[in-house]
Amino acid sequence: MAHTLLIVDDSASMRQMVSFTLKDAGYEVISANNGKDALAKINNAKISMVITDLNMPEMDGIELIRQLRGLPGFKFTPIVMLTTESQDSKKMAGKQAGASGWIVKPFKPQQLLDTIKKFVK
Amino acid sequence: MDMAQVHREAFREEAHELLTELESALLELEENPVDANLIGCAFRAMHTIKGSGAMFGFYEVAELTHEVETVFDQVRNGSTSVTKDLIDKTLKAGDLIRCLLSSNGAVDESERQQLISTFRQMAAPPEDKPVHVGSDNPAGALRESEEDEKLYRIRFRPSPDIFLTGTDPLLLLKELRDLGKCRIIAHLCDIPSLDSMDPERCYTYWDIILSTAKGINAIKDVFIFVEEDSEIHITIIDDSGNSIDKPIYKKLGEILVERGDLTTEDMEQVLQKKKLFGEILVESGLADPSKVEAALVEQQQIREAQQKRQMSAAAASIRVPSEKLDTLVNLVGELVTVQARLSQTAGLRNDTHLLQIAEEVERLTSELRDSTLNIRMMPIGSTFSKFKRLVRDLSQQLEKEVEMVTEGAGTELDKTVIERLNDPLVHIIRNSIDHGIESPETRQAAGKPRQGTVHLTAEHSGDSVILTIRDDGAGLDKNAIRAKAIEKKLILESAELSDRELFALIFAPGFSTAKKITGVSGRGVGMDVVKQSIEALRGTIDITSQKGEGTTITIKLPLTLAIIESLMVKIGDEYFVMPLSLVEECVELTSNDIERAHGRNLANVRGSMIPYIPLRQRFLLGDKDPAIQHVVVTEVAGERIGLLVDSVIGEHQTVIKSLGRMYRDVQGLSGATILGDGSVALILDVPQLVQWG
Amino acid sequence: MNCNLEQSEEIAEIIISGSMSIEDAANLRNVLASAIAGSCRIEIDLTAADTTDISCLQVICSAHRAAVQLGKQLTLRGTEESLIKCLEDAGFPRHTGCQQQNGIACLWQERQRN
């Protein structure tokens, strides 16, 4: 059974690029515009991994991570954040909220897939 | 359209929408400069354009938006406030980004730079962290640099909470396995009793012995997300760079002490009892069995690694001092000579029995000669790897980006040839990197990849080996060479030279076109020495170049120095031989022909006039010219020059003997050989003859 | 993971299927604890188990020690290729016995492919 990955980013082009890369690698993808949208779209789906941007309207990535970790199905789910390198402090805040790792923008599709392999079999 | 294009297009559309949003937010901000929503909206627009812009290759956009974003981040957290100036400048930045995004975006770069510095000034205190548009992701995958195979010991004790961060240590261990041969021992001694354990905590830790050529950074990358909370020790325990002559592996106790699993005192105490060390440790409870096992595994793996290296070295070869080989080659050389005499004598006697034996000896001798010479052959690859290092160091020193690509490392050449090739090749490669390959900036401006390439190829071609050193640098500057040659009085100002002749000037003594002397090359003692060394190996060197595209140097070398295929000629009663590889053709020259040339040494070969050197005069051999002489046409450094001799005897297997000390400096002769009848023939040094006329 | 416990005073049989992951560790611990408390022999049938993670291995390891301490027997049955692979990846198989048990046979001893 294919793993389902949740991608959260307010940039449509990023969502498109990440979804394409993941689907191409055989994953199922749910994509959301921001934290709130993501929480609404989960709907009991079994999510194998979450990839989230940090700066988003409505609900940012840090808050999303915090809320996801509180949900019963997300206690052990890998959550990787997308950051830009000027956001070192964000990286720390994200880890404290429960993020598993990070990917620095810009990245190549292969780097994204390599990072996912650290968390999903 | 490929996917990258599709993504770029999607980003363009998105950015235009974001810019529109930004604009309206800015205009509203003008009315209402403290509205947190509007400020957040402007910040996010910039942030998204920056992040996604860099993703899809819009680096100029990313760089500019980074500065704007920084200012709006400060507005957002209250350390700066919205001013009319900020709104103006941001609107301007928006317009500029639009231009940058439009496909035919003609943008005033100075305006962009100015805006960048304006926003930098606005950001207070100035943040001097420029945006990196490159990538520095942990999950590199792009880090593929291969090092030597090394053996690592890794102790990995994850944080007990590791499961709660969504990380499965098993996947990390798997990643390690992907790096190379890997032995993993889990330590289970810290797992508490069933009722007191928290099943969601990690109590297991690991010793991993990994043999990999990927380097320590690849190992660190595996742990990148957990390194802060975990205990990770990585130690190199064996390096293939270690000498294979003396295998070293640590004793079990030493490994345990090194890992901190056993104290030195305990070790010494145990060592006094005479039993298997590991058994005693486990029995006495001084060390956990899994730890002893892990140490044993390490010991075994090191032993295996070292044995493997030893075995492969031992199986592939036996070591013989090269003097022994030299003696063997000399003996075979003498045998070849004696065999020639035998064949000659047998032919004269017309004794079928003897002829049969002579033929048999001839066959065996030639096989023996071939396999003996073969023993001296070595793949040229060992020198290639040295050059890779040279390229790496030089390019760093000169701040250039150069990659070396080698081909034909398995091509075999005589050991002596390989050794004596080293210096000339170093010089050529240095020249390529120093004068040929341009700086990354220059290359980029010329539409070339930042990284220059030096190709080093070796291939067989008949009885010679052809080495090619090709760079994709700036190429030779014909005008500069010409000017220099005129200045050095190597050619006349009026001289008309083909490209080939012009490039050949580089090999003239004391020639250097480098504008300044660097520490690397360009002292002007270069290429002439290179040429001499190659010719001393009886090779030839040739250079071609295209301005802007690069330079190619081709070296042609004989397979071996000891025995050559040659052409034997006769002048008076004297025999001479010359390397057959240099000979193009032989033509007759009658006394009539000589008369027609009016005393000039020119032979008419099918309509083209070829200068020749009358060897009888050159060597002061007296006698009179016979009525019909022969011109042996040779090609040296791209020029056809004839050598005038009495007669051409034919091809000859020449065993080279060096001349005695007294004769070593004689011009035009490179050695001697012993003929079948025991007499001596001198070997002509054709390039030198041509050079000195 | 699915985990079925069939228990009599003499023997408890635990049949596990699917992949054993961290989400299942707590449940597995409870099932094993009651199996050990209630029976003399505990058999874990892993024929239908696909994969396991570290957390479940830790629980089984600890359960084995608990059983041995009470003089009971805990054995694994039907470790298939995929599960052996997990054990190997995790570095669990070993040659030596368990130190906590004074060198008594470790559950993971000699559990590697040859």
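The values are calculated or read from the model by the stated rules, or taken from the named source; none is laboratory data. For clarity, every value in this text was computed on a predicted model and none was experimentally measured. Here the Cβ is made from the backbone with ideal geometry for all residues, glycine too, and neighbour counts use every protein chain on show. All accessible areas refer to the heavy atoms of the entire protein, side chains included, with ligands and DNA or RNA removed. Shrake-Rupley method; radii C 1.70, N 1.55, O 1.52, S 1.80 Å.
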Exercise. List, please: which pairs have Cβ atoms under 8 Å, are six or more places apart or on different chains, and start with a residue in the range B:672-688 that is polar (S, T, N, Q) and end with one that is in a strand (DSSP E or B) and surrounded by fewer than 19 Cβ atoms within 10 Å (Cβ to Cβ)?
Worked result: B:Thr673/B:Lys657; B:Thr673/B:Val680; B:Ser679/B:Tyr575
Exercise. Considering the range B:3-45 alone, what residues qualify as being in contact (Cβ under 8 Å) with a residue 40 or more places away in the chain and in contact with a Leu (Cβ under 8 Å, 6 or more places away or on another chain)?
Worked result: B:Arg12, B:Ala15, B:His16, B:Glu23, B:Leu26, B:Leu29, B:Ile39, B:Ala42
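Regarding B:Lys291, is this residue open to solvent by 30 Å² or more (accessible area, probe 1.4 Å), of a type in the set (D, E, K, R) and at pLDDT below 75?
On the way: open to solvent by 30 Å² or more (accessible area, probe 1.4 Å): yes; of a type in the set (D, E, K, R): yes; at pLDDT below 75: no.
Criteria not met by B:Lys291.
Anything in the range B:369-426 that is among the β-branched types (Val, Ile, Thr), touching a residue at least 60 places away in the same chain (Cβ under 8 Å) and in a helix (DSSP H, G or I)? List them, or say none.
Narrowing the range B:369-426 to residues among the β-branched types (Val, Ile, Thr): B:372, B:375, B:380, B:383, B:391, B:402, B:405-406, B:411, B:416-418, B:426.
Checking the rest, the ones that are also touching a residue at least 60 places away in the same chain (Cβ under 8 Å) come to B:380, B:391, B:416-417.
Those that are among the β-branched types (Val, Ile, Thr), touching a residue at least 60 places away in the same chain (Cβ under 8 Å) and in a helix (DSSP H, G or I): B:Val391, B:Thr416, B:Val417.
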For this session: Select, from B:Glu574, B:Glu584, the only residue that is among the charged types (D, E, K, R), buried (at least 16 other Cβ atoms within 10 Å of the Cβ), more than 21 Å from the chain's Cα centre (by Cα) and in the same structural domain as B:Arg618 (by TED's automatic domain parsing).
Result: B:Glu574
Exercise. Within the range B:199-217, how many residues are among the charged types (D, E, K, R), open to solvent by less than 50 Å² (accessible area, probe 1.4 Å) and closer than 17 Å to B:Glu175 by Cβ?
Worked result: 1
For this session: With respect to B:Arg201, determine if the residue is over 46 Å from the mean Cα position of the chain (by Cα), of a type in the set (Lys, Arg) and at the interface with chain C (Cβ under 9 Å from one of its Cβ atoms).
Result: yes
Exercise. For the range B:564-660, list the strands (runs of 3 or more DSSP E) that sit wholly inside it and hold at least 1 residues that are among the hydroxyl-bearing types (Ser, Thr, Tyr); which are they?
Worked result: B:574-579, B:583-590, B:608-614, B:628-636, B:647-655
Exercise. When you look at A:Ser100, is it within 11 Å of chain B (Cβ to nearest Cβ), farther than 27 Å from C:Ala26 by Cβ and of a type in the set (Gly, Ala, Ser), yes or no?
Worked result: no
For this session: Would you point out the residue of the range A:37-70, among those that are open to solvent by 50 Å² or more (accessible area, probe 1.4 Å), part of a loop (DSSP other than H, G, I, E, B) and within 13 Å of chain B (Cβ to nearest Cβ), that is farthest from A:Gln96 (Cα to Cα)?
Result: A:Glu58
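Residues are listed down the side, and each one gets a yes or a no for (1) modelled with pLDDT of 75 or more; (2) within 26 Å of B:Ser385 (Cα to Cα); (3) open to solvent by 60 Å² or more (accessible area, probe 1.4 Å); (4) in the same structural domain as B:Leu179 (by TED's automatic domain parsing):
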{"site": "B:Ile219", "(1), (2), (3), (4)": "yes, yes, no, yes"}
{"site": "B:Glu227", "(1), (2), (3), (4)": "yes, no, yes, yes"}
{"site": "B:Ser230", "(1), (2), (3), (4)": "yes, no, no, yes"}
{"site": "B:Thr235", "(1), (2), (3), (4)": "yes, no, no, yes"}
{"site": "B:Asp245", "(1), (2), (3), (4)": "no, yes, yes, yes"}
{"site": "B:Lys251", "(1), (2), (3), (4)": "no, no, yes, yes"}
{"site": "B:Ile255", "(1), (2), (3), (4)": "yes, no, no, yes"}
{"site": "B:Asp261", "(1), (2), (3), (4)": "yes, no, no, yes"}
{"site": "B:Gln272", "(1), (2), (3), (4)": "no, no, yes, yes"}
Seminar exercise, completed: Per the filter on the range B:177-198, residues over 17 Å from B:Pro289 (Cα atoms) and either open to solvent by 50 Å² or more (accessible area, probe 1.4 Å) or more than 10 Å from chain C (Cβ to nearest Cβ) (or both) are B:Arg177, B:Asp178, B:Leu179, B:Gly180, B:Lys181, B:Ser193, B:Asp195, B:Ser196, B:Asp198
Seminar exercise, completed: Sole miss for B:Ser439 among (1) surrounded by 17 or more Cβ atoms within 10 Å (Cβ to Cβ); (2) at pLDDT 85 or above; (3) among the polar types (S, T, N, Q) is condition (1)
Exercise. Any residue in the range B:331-354 that is open to solvent by 80 Å² or more (accessible area, probe 1.4 Å), farther than 30 Å from B:His652 by Cα and part of a helix (DSSP H, G or I)?
Worked result: no
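Closer than 23 Å to A:Thr115 by Cα, assigned to a loop (DSSP other than H, G, I, E, B), at pLDDT 80 or above and not polar (S, T, N, Q): does that describe B:Pro160? Full working, then the answer.
On the way: closer than 23 Å to A:Thr115 by Cα: yes; assigned to a loop (DSSP other than H, G, I, E, B): yes; at pLDDT 80 or above: yes; not polar (S, T, N, Q): yes.
The answer is yes for B:Pro160.
Within the range A:71-93, count every residue that is more than 10 Å from chain B (Cβ to nearest Cβ) and closer than 15 Å to A:Ile42 by Cα. It would help to see each step written out before you state the result.
At the first step, the residues of the range A:71-93 found to be more than 10 Å from chain B (Cβ to nearest Cβ) are A:71-73, A:81, A:89-91, A:93.
Keeping just the survivors that are closer than 15 Å to A:Ile42 by Cα gives A:71-73.
Number of matching residues: 3.
Would you check which residues across the range B:1-24 are within 15 Å of B:Glu69 (Cβ to Cβ) and touching an Asp or Glu at 6+ places or on another chain (Cβ under 9 Å) and list them?
Step one: filter the range B:1-24 for residues within 15 Å of B:Glu69 (Cβ to Cβ), giving B:15, B:18-19, B:21-22.
Within the range B:1-24, just B:Leu19 meets the criteria.
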